[in-house]
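S.K.: Take this structure first; my questions come after.
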Amino acid sequence: MADVDVLVVGAGPVGLTVAAELRRHGVDCRVIDRLAAPQPHAKAIGVLPRTLEVWDAMGLVGEVLDEAVPHLGQLVYTDGKPQDEPMRLTLPPDTPYPFATLPQYTTERLLTEHLARFGTRVERPVELREVTEHPEEVEVLLGADGRTERLRARYVVGCDGAHSLVREQAGLAFEGDVLPERFMIADVEIDWDMPAGYSVRSVHTGADGAVDDMLVCIPMPGVRRYWLSMLRPGEQAAEDGRGAPEVSDRSRPEPGAGEGLDLDQIQAVLDRLSPEPARVSALRWSSAFRTGHRLVDRYRAGRLLVAGDAAHVHPPIGGQGLNTGVQDAYNLAWKLALTVRGLAREDVLDSYHAERHPVAREVVDRTVRHARTVRDARPSAGGPGGDPHLFVRRQAQLLVGYPDSPLVRSRAAEGARADGPAPGERAPDCRGLLGDLAAYPVRLFDLLRTPRHVLLMYAGPRHVSGEGAARLEACAAEAHRAAHGLLNAYLVTAREVPRDARPVGLRPPRLRDAEGGFHAAYAPRDGEAVLIRPDGYVSARFDPAAPEDLVAHLRRTFR
């Protein structure tokens, strides 16, 4: 018999998210990390709107919002001259959170504190040494303080970075390449008069029009604090005789580069490239690195799974890395929890690779493509394709979806429609839902702050009473049984339906679309049902809702 349900290896943002979500879903786990203490470096700082939505559903977003600062856009300068318009990170109104920045060590602290509320702490310094998979469990050898421990876990999740031992022991391929450019990064304070909340990209071009010097400054929490990225002097390409370099996880300096830069070197870069006089101070950390890209061939090998940098590494452009890893974890945790509890179909875990591998592939390809334009003096605000609105939504990871997932109802089964989120797409938020008791409205995301599936049934005049209402109530009851009780159902009534059209107190509970926000976001038809997964994606739509259709679909996930 296993000693623990799940062993999570690595206590960075990805491992902490996996562990916290497993505990929220009622699953026992242990979390180990080989370091004696979390690293005190800012490292990954970008927090995307979709990740803030994930932390909202987890119950963590309030603490994050207290610590983070908004990232409003980018000011671009070429040879000291400003681009005509700033690159603004403007989001659609259905997005409750903006782009933000937060040092990685703060992210890890908040997630660690959140995990501790479930009674689970990170075990440090504990190193994974061996992994042996058996048909019913995984046997691992751990090392700590000169002692060893043999542990049996039902599953092991490797969140142990680009040099993952879990990935290696699972026999997963991790192929890719290294880009020629070498970068320097630094965490400093800058005394200047640039607008707050905006990053600055300043480049110098040579006689051929190509960029030969570059500075990017991204605002961070604190007074005048910025995360700087610069081209390393003389970085043009060349192999330096050490053989093929490793892909850096960006937490380590490049071999032979020392620990990074000093203030005089950073000041020299600002003297060359800052759009206005600036003085740098308070150097907290700096490093030099070469960036690369790699992607695992499979996210799962039996009882071994990988997430985050253990599955994908790529250029640090647009803050995609940490956020993609957190969403790996969020996608995996609810499926692994159902599997451990014996409630999921045997093939549910296979959907983890099916859904997340294409997402990682797209992120790797996109960041590599953008990295290869590092020498473009005036990058398009819309990226490849030139549509700035589409570019911003993609950068925010709001367009991530799973339309081809085996857990998602096909669009062919649903029928043709051009409005509202389709199965596999992110479930958008909306405001103005009024219950029978509370005098204040709630957001849809308030209903999704649960480890359960959520069923939303829309009742217009034909379904608020009589046979139509009885059919929707039957849908809720049958869906609840098919999901082993792990489903919350709500009846959303149209704005024009009077409050007294349905007797108060019937199940499922009623919410009135008082401001029309649900109708605007989802374009539901009278009698339609929308099923939303625990990770906030639309699983299926049923028009009209029928108990047998709901049950058949839920059996793709539940035993």
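S.K.: Inspect all residues belonging to segment 110-130 and state whether any of them is among the β-branched types (Val, Ile, Thr), under 22 Å from the mean Cα position of the chain (by Cα) and open to solvent by 30 Å² or more (accessible area, probe 1.4 Å).
M.R.: Yes, the conditions are met somewhere in segment 110-130.
S.K.: So how many residues does segment 276-314 have that are crowded, with 24+ Cβ neighbours inside 10 Å and either of a type in the set (Asp, Glu) or not in a strand (DSSP E or B) (or both)?
M.R.: 7
S.K.: I would also like to ask the following. In this structure, does Ala11 turn out to be farther than 27 Å from Arg284 by Cβ, part of a loop (DSSP other than H, G, I, E, B), touching a strand residue (DSSP E or B) at 6+ places or on another chain (Cβ under 6 Å) and among the aliphatic types (A, V, I, L, M)?
M.R.: No, not satisfied.
S.K.: Are there any pairs with C-beta distances below 7 angstrom linking a residue in segment 49-65 that is touching a residue at least 40 places away in the same chain (Cβ under 8 Å) to a residue that is assigned to a helix (DSSP H, G or I) and among the basic types (Lys, Arg), with the two at least 6 apart or on different chains, and if so which?
M.R.: Within 7 Å, the pairs are Met58/Arg24.
S.K.: Looking only at segment 135-185, which residues are small (Gly, Ala, Ser), modelled with pLDDT under 95 and over 24 Å from the mean Cα position of the chain (by Cα)?
M.R.: Within segment 135-185, Ala144, Gly146 qualify.
S.K.: Considering only segment 33-44, I want to know if a residue exists there that is among the basic types (Lys, Arg), closer than 20 Å to Val166 by Cβ and modelled with pLDDT of 95 or more.
M.R.: Yes, there is a match, as at least one residue in segment 33-44 is among the basic types (Lys, Arg), closer than 20 Å to Val166 by Cβ and modelled with pLDDT of 95 or more.
S.K.: Does segment 87-109 hold any residues that are open to solvent by less than 40 Å² (accessible area, probe 1.4 Å) and either of a type outside the set (A, V, I, L, M) or under 18 Å from Ala19 (Cβ atoms) (or both), and which are they?
M.R.: Pro92, Thr95, Pro96, Tyr97, Phe99, Thr101, Pro103, Gln104, Thr106, Thr107, Glu108
S.K.: Looking only at segment 186-200, which residues are open to solvent by 20 Å² or more (accessible area, probe 1.4 Å) and within 25 Å of the chain's Cα centre (by Cα)? Full working, then the answer.
M.R.: Of all residues in segment 186-200, those open to solvent by 20 Å² or more (accessible area, probe 1.4 Å) come to 189, 191-196, 198.
Residue satisfying the conditions is Tyr198 alone.
S.K.: Checking the structure you have, find out if any residue of segment 179-188 is among the hydrophobic types (A, V, I, L, M, F, W, C), under 30 Å from Arg30 (Cα atoms) and touching a residue at least 24 places away in the same chain (Cβ under 8 Å).
M.R.: No - not one qualifying residue is present in segment 179-188.
S.K.: What strands (runs of 3 or more DSSP E), lying completely within segment 421-520, carry at least 3 residues that are open to solvent by less than 10 Å² (accessible area, probe 1.4 Å)?
M.R.: Those strands (runs of 3 or more DSSP E) span 453-459, 487-493.
S.K.: Of the numbered conditions (1) in a helix (DSSP H, G or I); (2) open to solvent by 10 Å² or more (accessible area, probe 1.4 Å); (3) touching a helix residue (DSSP H, G or I) at 6+ places or on another chain (Cβ under 9 Å); (4) charged (D, E, K, R), Arg369 fails exactly one; give the number of that condition.
M.R.: With (1) in a helix (DSSP H, G or I); (2) open to solvent by 10 Å² or more (accessible area, probe 1.4 Å); (3) touching a helix residue (DSSP H, G or I) at 6+ places or on another chain (Cβ under 9 Å); (4) charged (D, E, K, R) applied to Arg369, the lone miss is (3).
S.K.: Separate question: Of (1) in contact with a Ser or Thr (Cβ under 7 Å, 6 or more places away or on another chain); (2) modelled with pLDDT of 95 or more, Leu336 satisfies all except one. Which?
M.R.: So the condition that Leu336 fails would be (1).
S.K.: Further question on the same structure: Which residue pairs have Cβ atoms under 7 Å apart, sit 6 or more places apart or on different chains, and have a first residue in segment 429-448 that is over 19 Å from Ala520 (Cβ atoms) and a second that is open to solvent by 40 Å² or more (accessible area, probe 1.4 Å) and of a type in the set (Val, Ile, Thr)?
M.R.: Note: pairs meeting the criteria are Asp436/Val504.
S.K.: Can you confirm whether Leu295 is more than 21 Å from Cys217 (Cα to Cα), hydrophobic (A, V, I, L, M, F, W, C) and at pLDDT 95 or above?
M.R.: Values: more than 21 Å from Cys217 (Cα to Cα): yes; hydrophobic (A, V, I, L, M, F, W, C): yes; at pLDDT 95 or above: yes.
Considered against the rule, which asks whether it is more than 21 Å from Cys217 (Cα to Cα), hydrophobic (A, V, I, L, M, F, W, C) and at pLDDT 95 or above, Leu295 comes out as yes.
S.K.: Return the residues of segment 33-69 that are among the basic types (Lys, Arg) and not in a helix (DSSP H, G or I); say none if nothing qualifies.
M.R.: To start, the set of residues in segment 33-69 that are among the basic types (Lys, Arg) comprises 34, 43, 50.
Once the filter is applied, which keeps residues that are among the basic types (Lys, Arg) and not in a helix (DSSP H, G or I), segment 33-69 yields Arg34, Lys43.
S.K.: I want to confirm something. Restricting to segment 213-235 and keeping residues that are free of Cβ contacts under 8 Å to residues at least 24 places away in the same chain and more than 20 Å from Ala44 (Cβ to Cβ), which single residue is least open to solvent (accessible area, probe 1.4 Å)? Please lay out each step first, then the result.
M.R.: Step one: list which residues in segment 213-235 are free of Cβ contacts under 8 Å to residues at least 24 places away in the same chain, which gives 216, 233-234.
With more than 20 Å from Ala44 (Cβ to Cβ) added as a condition, the list becomes 233-234.
Numbers: Pro233: 95, Gly234: 63 Å².
It comes out as Gly234.
S.K.: State yes or no: is Ser539 in contact with a Pro (Cβ under 8 Å, 6 or more places away or on another chain) and polar (S, T, N, Q)?
M.R.: Taking the combined requirement at face value, the residue satisfies it.
S.K.: For Arg30, work out the one condition from (1) more than 20 Å from Gly308 (Cα to Cα); (2) in a strand (DSSP E or B) it doesn't fulfil.
M.R.: It fails just one condition, (1).
S.K.: Is it the case that Val538 is within 31 Å of the chain's Cα centre (by Cα), surrounded by fewer than 21 Cβ atoms within 10 Å (Cβ to Cβ) and within 20 Å of Val408 (Cβ to Cβ)?
M.R.: No: the conditions fail for Val538.
The values are calculated or read from the model by the stated rules, or taken from the named source; none is laboratory data. All of these numbers come straight from a predicted model, not from anything done at the bench. When we count neighbours, we look across all protein chains shown, and the Cβ atoms used for this are built from the backbone with ideal geometry, even at glycine. Each accessible area value is taken on the protein alone, full model and side chains, heavy atoms only, with ligands, DNA and RNA left out. Shrake-Rupley method; radii C 1.70, N 1.55, O 1.52, S 1.80 Å.
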